[in-house]
Amino acid sequence: LLAAGAARAQGGAPVEGNGYAKAAEMGVKLPDNWFKALELFEGIGDLSKQAPIEVTVDLGSPGKHEFAPKQLKFETGKLYKLILRNTSNDPHYFTSHAFSQMVFTRKVQVTQQQNGKAVTLAEFKGAIREIEVYPGQTAEWWFVPVATGTVTDLRCGIVAADGKSHADHGMVGEIVIE
């Protein structure tokens, strides 16, 4: 991308495909290590070429209403696959309106283990603010953080038999995006 811009600045036409090779063909003078550095970043902005960073959050456990871990950390510009795994006997929400405003959602998938392998049952695209995961099930939220900050509104709003929400029982968390 940078080499393509350099080629264009030197009077070349917009570059398609392998921009740094095209810049070299056009005689753009860049330091020797410049092209090697660009090779390291090729495809970094293309989400289809990025391998997702997997982060797993357990939504409760038998007899406990909690997120584990309670604090999540992400970096802007990286593709994540947030695995929301409910090993408890109750449904749970993963809700954070503030977080949903700070990420680009690629997709959310509902998965199920079949013969020891995760199989996708459904896929959703678009803005996501809340995901409910039923007991024994898993959902995957693929996203890229686009803004930095700390979010403290992560909670589960399911109401327990005692009339209190799971958040009232401690199922709250914090999300940090750097």
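The values are calculated or read from the model by the stated rules, or taken from the named source; none is laboratory data. Remember, predicted model here, so these are calculated numbers, not experimental data. Neighbour counts run over all protein chains shown; Cβ positions are idealised from the backbone, glycine included. When the accessible area is computed, the model is the full protein with side chains, heavy atoms only, and any ligands, DNA or RNA have been set aside. Shrake-Rupley method; radii C 1.70, N 1.55, O 1.52, S 1.80 Å.
The table that follows gives values for the structure above.
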quantity: Order of exposure, largest accessible area first, which applies to 162, 58, 90 with probe 1.4 Å; calculated: 162, 90, 58
quantity: Alpha-carbon centroid distance for the pair region 100-178 / region 62-85, whole angstrom; calculated: 8
quantity: Using θ = phi - 60° and Karplus 6.51 cos²θ - 1.76 cosθ + 1.60, couplings along region 93-98 (whole Hz; Gly, Pro as x); calculated: 9, 10, 10, 7, 5, 5
quantity: Highest to lowest packing among 49-55, 94-100, 129-135, 59-65, scored as the average C-beta count within 10 Å; calculated: 94-100, 59-65, 129-135, 49-55
quantity: Portion, in percent, of the accessible area of region 80-178 that falls on carbon or sulfur, probe 1.4 Å; calculated: 48
